[in-house]
Amino acid sequence: MKRINNFLAGLSLISLTVLPCGCGNQAKQGNEDTTTEGKGSRRKMERVAEFHAPDYFNELYNNAEMRYSFKGDNKEEFTAWQKEFRPKLMEKLGLTTIARQLEGFVPKAEKIDSEDLGYARRERWVIWTEPNVPLPFIIMFPTEEREQYPLMISPHGHHKNTEVYAGV
């Protein structure tokens, strides 16, 4: 219950933060009109009676700097664009920092157990995604012999029973 209350309190805080900023054609409250200046852009800030997220995100997208958008026409231009863009994307996502921190680390996996369910074999595994971060998972293999099998990935979330999705 405490987790739910914290979640709801966070939503209230987000709502309070977002509602005063409007865009699009919502009904305005008063004539308060200010502007904020970001990196080279000016956005009109008004008080509004309601918030319309699609208009807000469209405005952000339309005013975003598109320095790395692809403007080429062929595979060679695409390859050159990727070569320039990928290092910048990796830096922004923090992947270069992670790579530095985990230099030399080799992920390892360990099978914990296996059980025959008749229709499938259920195996419990742990994979270490970082030196001190074990990630448990379950993989199920159907016992019926077929040429092709459908694939289903079911993230378990963070509930007490993380194995419920695998029939436990």
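If we scan segment 24-47, do we find a residue that is modelled with pLDDT of 55 or more, farther than 30 Å from H159 by Cβ and part of a helix (DSSP H, G or I)? The answer is no; no qualifying residue exists. Within segment 111-158, being under 23 Å from the mean Cα position of the chain (by Cα) and more than 30 Å from Q101 (Cα to Cα) holds for L151, M152. Can you say whether K111 is surrounded by fewer than 11 Cβ atoms within 10 Å (Cβ to Cβ), without any contact (Cβ under 8 Å) to a residue 24 or more places away in the chain, of a type in the set (K, R) and within 30 Å of H156 (Cα to Cα), as far as the supplied structure shows? Here the answer is yes, as K111 does meet what is asked.
Yes or no, residue by residue, for (1) touching a Lys or Arg at 6+ places or on another chain (Cβ under 7 Å); (2) hydrophobic (A, V, I, L, M, F, W, C); (3) more than 30 Å from E163 (Cβ to Cβ):
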site: E50; (1), (2), (3): no, no, yes
site: F78; (1), (2), (3): no, yes, yes
site: L89; (1), (2), (3): no, yes, yes
site: V106; (1), (2), (3): no, yes, no
site: K111; (1), (2), (3): no, no, no
site: V126; (1), (2), (3): no, yes, no
site: N132; (1), (2), (3): no, no, no
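Scanning segment 132-168 for residues that are surrounded by 12 or more Cβ atoms within 10 Å (Cβ to Cβ) and not in a strand (DSSP E or B) gives H156, T162, E163, V164, Y165, A166.
The values are calculated or read from the model by the stated rules, or taken from the named source; none is laboratory data. Keep in mind it's a predicted model, so treat the numbers as computed, not measured. Quick reminder, even Gly has a Cβ in these numbers, built from the backbone with ideal geometry, and neighbours come from all protein chains shown.
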